Amino acid sequence: MTKLSDRYSPQEVEKRIYAWWTENNYFSGADKSTLPPFSIILPPPNVTGSLHLGHALDHTIQDVLVRWKRMSGFNVLWLPGTDHAGIATQSVVEKDLKKKNLFRTQLGRDQFVEKVWEWKNQYGDHIVEQMKRLGESCDWNRLCFTLDEGVSKAVRKVFVSLYEKGQIYRGKKLINWSPGLESAISDLEVEYIEVKGQLYYIKYPLEDGSGELTVATTRPETLLGDVAVAVHPEDERYASWIGKNVHLPLTQRKIPVIGDESVDREFGSGVVKITPAHDFNDYNLGLKHQLPQINILNKNGTLNDSCGVYTGLSVVEARKRLVSDLEQQNLLIKTEPHTHQVGHCSRSGWVVEPLLSEQWFVRMKELAGPAQRVVESGTITFEPESWTKTYLHWMEIIQDWCISRQLWWGHRIPAWTCLKCLKLTIAEEDPKRCQHCAHEELQQDEDVLDTWFSSALWPFSTMGWPEETETQKTFYPTSVLVTGHDIIFFWVARMIMMGLEFKKDVPFRKVYIHGLIRDANGKKMSKSSGTALDPVKLIDEVGADALRFTLISQLAAGRDLKFSLPRLEGYRNFMNKIWNAARFSLQALNDFKVMTPEEEAQLNKNNLSTHDKWILFKLGVCEKEVEFYLNQFRFSESAQSIYEFVWHQFCDWYLELIKPSLQGPQNSERVMSQWVLAQVLNRVVRLLHPFAPFISEEIYQMLPVKSKACILEVYPTVRTDRSLLAFGDEASAQTMDIVVAVITAIRNIRGENRIKPGLKITVRLSPSDDKSQKILGANKAIIMRLAGLDHCEVGPAASLSKCALSPIRLHSSAVDVIVPLEGLVDLKIEVQRIHKNLEKLKRDFVTLEQRLQDKSFLKQAPEEVVRQGHEQLITLKSQMSTLEEAARRLS
């Protein structure tokens, strides 16, 4: 039998194992199969990106599901892909060109797009290779890119279809505009940053000379686009002025005073300026009151020709100049420091400007209706369910979607303007002539589609749509979508709409929403603060399995998780523990002869030791828990069940319990222990595989009991292991639980009283019933060996003076573990130590009790914190009682 190396080396193992999996095509799903299908579409990461911890979490969840389902007898497809990421990719290539003193405008569109393709072909697989480092078992033969020919064909077909139905149109609306990119951007690309600014109080004189209104604004430069001032109709200060006009400062215009319930009477002066072309709230209010729209900005963020002396100035320059002019004309009353959130373009860093612009839009109300109903009916479910309300709320307030971007990299809008009749031709294939007048001179729209447009089609465009394919027949709808809550609206909702519109079915049945990764203190990770961690570097340091297990073990649906390096180190230790346990087991199984099914059928349960029956019973409990939790998408609980069984029951106890029989003569007891060990070790690596695929596959290949590959094995459940688990029983499990509890209690007393580990001691075990008496008597030798005793009495308690006491109450049994301390420790010093600890506990108790009685604390503290505080009080009280009793015994 091949031996495992002395130390686990993740780098060597991971590279070799992954290459072996891919060479043997173990990740491939079959378009035709008799097995039930299970499919997931990987949310396509940006082709410019590098793997970050958010990806690592998202992809680990999916890989756990995929590997589990593959081992559970499903025909699995995990379809990978990357996103062309219009803005991000164009920005990266433009920066590269700038280093060579080149600009895209110099190259022209076609040559620039060629440069982007060159960059993509050179660097675009970087993130794919990083995903492989994590162990992702995607069907790489089907890797897609959002600008692939097949996807592009689907994009054009959808655009033309929606246009012909009147659901895509071109119009002038207020959109997010990045002056740095000179393009429209999505809400997701707007990053809000807290800015320390000013609140400017400006006079707006009434036309009739009867007074003035004071308007408070953070953006005085936009007053050049004001078309009204608004007050709350029930504000007694201003209600009588509704319907009058005011002079717009620094201009020759007059604008009306209007009343609207949306005005916040408490903000500033209670009077707001209305600038429909440069503020989203004002835009909607302007439509409501049929106000004109005045655009004051050029595409590059400077003020346009309508702004008189301010024309050509940047927003910042115009603000300074305009404030100075207001002061000179005695129109600026005062300024106040004001901290507020300002939207910035996440790609260029420029302040985002709401801008009135001619763009392409999708009408969303009609598409949203069916997408709302499939969630209301339960056809699609969210996990956790709380996100259902969020989704449905967004569907209720949905606005038309701006789908055009002023970029060169992406799906160019399939719309051509005839240079003769000026009408539009919308077509799937590039047209040779105008569909209205047959003129042959056509000019294609310069804009490209929002990246989210092609992403919305991802579940079926990647499977060959609009052609009818076997892939779609087998794997559409997909089984589950795993994603973060930040893109429920941008991606999840739009995929549902497009799936229903073009496939007449939902794109997935379940949406699993996970939280974001934060640092150990619960703060957002960022490069600027030095808290961002590179998962690839972490894999280099501790291995992919340790990182995967760290992420999955903390996962609670919908909640953010705190990532810490000490926890990662702890799970690296877990991997080393597994490795060392496997090394010991394989050495012990060196002469093990694998039994035939006929020989196994002749095995007698009565020939198994109590601890063999115990570990098989515990294996069954673990298998039952893991299957239940995985079916419930409770990943952390499933990982913790495996961790508890492998570390504490299998490694810490079972391997210690069977050492005498494994090291003894070749008899029936040894044969049975070897058989149980071989079977349990086989199940351990199979249970681990979805969570820690590399180390489990490496160990599996060394096992005496195995098939071709762990990745192809059957996932252990109480059903698949019915015959094996029948050798375990609850009575034996309860017996060993009591034995383990007694040994643990003795070890704890040793530690608490600082008794040297190698020192043999005397222990009295006082059972309260016959059943416990028999258990302790039958297992006395095991207790003495593993607890390090030279003498063990089983009987009445006698005197507890100068003794440490640990009562055990388990499975309706009661045992007092008593350790005489005289001669082992300095009792006087020990009592002093107990009193010192007791005083600290009392101080902690008083401090916590006072805090929980503080009304201001109770008012501000989260409910969970208060609940935990009360639980801690109970714990402190119990600990004080225990110490007081111990001090009395030792005094």
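The values are calculated or read from the model by the stated rules, or taken from the named source; none is laboratory data. Keep in mind the model is a prediction, meaning the values are calculated, not measured. When we count neighbours, we look across all protein chains shown, and the Cβ atoms used for this are built from the backbone with ideal geometry, even at glycine. Keep in mind that these areas ignore ligands, DNA and RNA; they rest on the heavy atoms of the full protein, side chains included. Shrake-Rupley method; radii C 1.70, N 1.55, O 1.52, S 1.80 Å.
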Original post:
When ligands, DNA and RNA are left out and all protein chains stay put, how many square angstrom of accessible area per residue does the range 306-431 have with a 1.4 Å probe?
Top reply: 50
Subject >> Answer label, with semi-axes √(5λ) of the Cα gyration tensor in Å calculated from the coordinates and candidates [x] 50, 32, 30; [y] 65, 39, 22; [z] 45, 39, 23 >> reply: [y]
Subject >> Nearest-10 value in Å² for the accessible area of ASP769, using the 1.4 Å probe >> reply: 40
Original post:
For the range 562-606, rounded, prolate or oblate, judged on the Cα gyration tensor with a ≥ b ≥ c (square roots of eigenvalues), a/c < 1.5 rounded, else prolate if a/b > b/c?
Top reply: prolate
**OP:** Express the relative contact order of the chain as a whole percentage, based on alpha carbon pairs under 8 Å and six or more residues apart in sequence.
**Re:** 12
Subject >> Eligible lysines near LYS196 by straight Cα distance, threshold 29 Å, same-chain separation 8 or greater >> reply: LYS273, LYS299, LYS320, LYS334, LYS523, LYS524, LYS527
Original post:
What are the ³J(HN,Hα) values, in whole Hz, obtained from phi via the Karplus relation 6.51 cos²θ - 1.76 cosθ + 1.60 with θ = phi - 60°, for each residue of the range 41-52 in sequence order, with x given for Gly and Pro?
Top reply: 9, 6, x, x, x, 4, 5, 7, x, 10, 4, 10
**OP:** For the range 195-326, just the Cα atoms, rotate onto the principal axes and tell me the three extents in Å, largest first.
**Re:** 41, 32, 28
Subject >> Solvent-free Debye scattering, log10 I(q)/I(0), computed from the Cα coordinates of the range 282-423 at q = 0.09, 0.19, 0.22 Å⁻¹ >> reply: -0.54, -1.35, -1.43
Subject >> Whether the range 793-883 is rounded, prolate or oblate, judged on the alpha carbon gyration tensor where a/c under 1.5 counts as rounded >> reply: oblate
**OP:** Within the range 4-60, list the trypsin sites (Lys or Arg not before Pro) lying in a DSSP loop whose Cβ has at most 14 other Cβ atoms in a 10 Å radius.
**Re:** ARG7, LYS32
Original post:
Can you put ILE782, ILE380, ILE829 in order of accessible area, largest first, using a 1.4 Å probe?
Top reply: ILE829, ILE782, ILE380
Original post:
Accessible area per residue, 1.4 Å probe, Å², for the range 49-177: what's the number?
Top reply: 39
Subject >> Cut-off 13 Å between beta-carbons: net charge of the residues surrounding ILE258, Lys and Arg +1, Asp and Glu -1 >> reply: -2
Original post:
Stokes-Einstein at 37 °C, 0.692 mPa s, Kirkwood radius from Cα pairs: D for the range 637-761 in µm² s⁻¹?
Top reply: 196
Subject >> Mean separation of Cα contacts under 8 Å, 6 or more apart, over the residue count of the range 411-550: relative contact order % >> reply: 16
Original post:
Looking at the chain, what % of its DSSP beta bridges pair antiparallel, to the nearest 5?
Top reply: 70
Subject >> Tail beyond 21 Å, pair distance distribution of the range 526-635 (Cα, percent) >> reply: 61
**OP:** Arrange the residues LYS504, LYS802 by how much accessible surface each exposes, largest first, with a 1.4 angstrom probe.
**Re:** LYS504, LYS802
Subject >> For the range 640-774, accessible area per residue (1.4 Å probe, heavy atoms of protein chains only), Å² >> reply: 37
Original post:
What is the Å³ per residue value for the convex hull set by the Cα atoms of the range 732-891?
Top reply: 134
**OP:** Rank by packing, highest mean first: peptides 191-197, 226-232, with packing defined as the count of other Cβ atoms within 10 Å averaged across residues.
**Re:** 226-232, 191-197
**OP:** Report the extension gain between GLU164 and LYS859 in nm, rounded to one decimal, defined as 0.36 nm multiplied by the number of residues separating them, less their alpha carbon distance.
**Re:** 244.4 nm
Subject >> Under Karplus coefficients 6.51, -1.76 and 1.60, residue-wise ³J(HN,Hα) of the range 251-256 in Hz, glycine/proline x >> reply: 9, 9, 8, 10, 10, x
**OP:** Could you order ILE258, ILE874 by accessible surface area, starting with the largest, using a probe radius of 1.4 Å?
**Re:** ILE874, ILE258
Subject >> Amide N of the range 51-92 lying under 19 Å from the label point, which is placed 7 angstrom from the Cα of LYS537 along Cα→Cβ >> reply: 51-57
**OP:** Stick to the Cα atoms of the range 811-864, pair each with every other, and give me the Kirkwood hydrodynamic radius in Å at one decimal.
**Re:** 15.2
Subject >> Calculated over the range 532-577: convex hull of Cα atoms, volume per residue (Å³) >> reply: 72
Original post:
Percent of accessible area on the chain owned by carbon and sulfur, 1.4 Å probe?
Top reply: 49
Subject >> trypsin sites (Lys or Arg not before Pro) restricted to the range 124-177 and DSSP loop, no more than 13 other C-beta within 10 Å >> reply: LYS165
Subject >> Reach of LYS423 by Cα under 23 Å, taken over lysines that are not fewer than 8 positions away in the same chain >> reply: LYS157, LYS165, LYS172, LYS173, LYS432
Subject >> Shape of the range 434-532, Cα gyration tensor, a/c cut at 1.5 >> reply: oblate
Subject >> Within the range 651-721, trypsin sites (Lys or Arg not before Pro) in DSSP loop having at most 16 other beta-carbon neighbours inside 10 Å >> reply: LYS708, ARG719
**OP:** Could you pull the accessible area for THR596 with a 1.4 Å probe, rounded to 10 Å²?
**Re:** 60
